[in-house]
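Everything below concerns the one structure shown next.
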Amino acid sequence: MKLMVLHGGAGRWESKELDKALSVLRRAAEIGFKTLSNGGSALDAVVEAVSFMEYSGVLNAGRGSCRDLAGGVSLDAGVMWMGRAGAVAHVKATWNAVKLARIVMEGTPHVLLAGDGADELARKKGLPPLEVVTGEVNSDTVGAVALDENGRLASAVSTGGIRGKMPGRVGDSPIPGAGFWTSRLVASCSTGYGEAIIMAQPCRLTSILYEEKGLPLSKALINACEAVKAPCGLIALTINGEAAASTIADFMPIAIARERDIKMLVVKRGEALEL
Ligand code: ASP
């Protein structure tokens, strides 16, 4: 079974911006699902879909990233599948932070590479340079989870961080368990207030609640969101093809891609939806 869920960030969205985000998410879902349909892995699919969202300039990731207090832009991203994770933090050399995270996972002995070292690797691998197209988008982090035909799960996340951050700040997105997690049965990724998310580890918690405590996926997600005690949104899917989304922020635009269609939804505060 092939399946994907994508989000465009949980937060306070203006309706005009929500519409733009939904159209980028739909396109990203098409790209990700096509990757799966062409025999690509779940990892290929999440990286392709998130790369498109980074390139769009519409969402707070890649070329659309928000600025820090000094006017600079720095990116965080992470990927995980098959028991391995790769992540990058405070990247300034490329907009394609999720691809760089994949390179860290597959091409280095490390899990998380930050700052100058991550930038050097991006240049060495010929990743496209970072040109910020807006720097002032009022949107949020992007993420994707996928299940491929071979029953493999992957998660990916990418962000410009939070508006008004101090230069040097790194959020939850590149931290396994906090921003993203793929366990034996569940892949998930989060969005929201990074400082609280790092402490609560909601993605790791989702796997524990589903796999060890036996909670239904949507219940695991809302419990994990609530553990954050600050604006947070989560998407997840399981190896059995269950998909769910939940948020305790105002809104979270999402896309669900299956064989027969792509469904667009805006998840609202307090909802825990089986998709
Ligand atoms: N979690 C991200 C961060 O704190 C921001 C977001 O999801 O909008 O960097």
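Side notes on the structure shown:
- Flag if MET1 is under 23 Å from LEU275 (Cβ atoms) and not in a helix (DSSP H, G or I): yes
- Positions within region 53-71 being buried (at least 22 other Cβ atoms within 10 Å of the Cβ) and outside any loop (DSSP other than H, G, I, E, B), in sequence order: MET53, GLU54, SER56, GLY62, ARG63, GLY64
- Scanning region 167-196 for residues that are within 13 Å of the chain's Cα centre (by Cα) and of a type in the set (A, V, I, L, M) yields ILE175, ALA178, ALA187.
- Unmet criterion (only one of (1) of a type outside the set (D, E, K, R); (2) within 16 Å of ARG258 (Cβ to Cβ); (3) part of a helix (DSSP H, G or I); (4) at pLDDT below 95) for ILE31: (4)
- Inspection of region 193-203 finds a residue satisfying the criterion of being closer than 20 Å to GLY8 by Cα and touching a residue at least 40 places away in the same chain (Cβ under 8 Å).
- Candidate set from region 84-100 (those that are in contact (Cβ under 8 Å) with a residue 40 or more places away in the chain and outside any strand (DSSP E or B)); member that is farthest from LEU185 (Cα to Cα): TRP95
- Filtered residues of region 193-204 (kept if within 14 Å of the ligand (Cβ to nearest atom) and closer than 19 Å to LEU43 by Cα): CYS203
- Test result for SER207, away from the ligand (no atom under 14 Å from the Cβ), over 12 Å from GLY11 (Cα atoms) and without any contact (Cβ under 8 Å) to a residue 60 or more places away in the chain: yes
Matching residues to (1) among the hydrophobic types (A, V, I, L, M, F, W, C); (2) modelled with pLDDT under 95; (3) crowded, with 24+ Cβ neighbours inside 10 Å:
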{"residue": "GLY168", "(1), (2), (3)": "no, no, no"}
{"residue": "ASP172", "(1), (2), (3)": "no, no, yes"}
{"residue": "TRP181", "(1), (2), (3)": "yes, no, yes"}
{"residue": "SER188", "(1), (2), (3)": "no, no, yes"}
{"residue": "THR191", "(1), (2), (3)": "no, no, yes"}
{"residue": "GLY194", "(1), (2), (3)": "no, no, yes"}
{"residue": "ILE198", "(1), (2), (3)": "yes, no, no"}
{"residue": "PRO202", "(1), (2), (3)": "no, no, yes"}
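The values are calculated or read from the model by the stated rules, or taken from the named source; none is laboratory data. Keep in mind the model is a prediction, meaning the values are calculated, not measured. Virtual Cβ from ideal backbone geometry, glycine too; neighbours counted across all protein chains shown.
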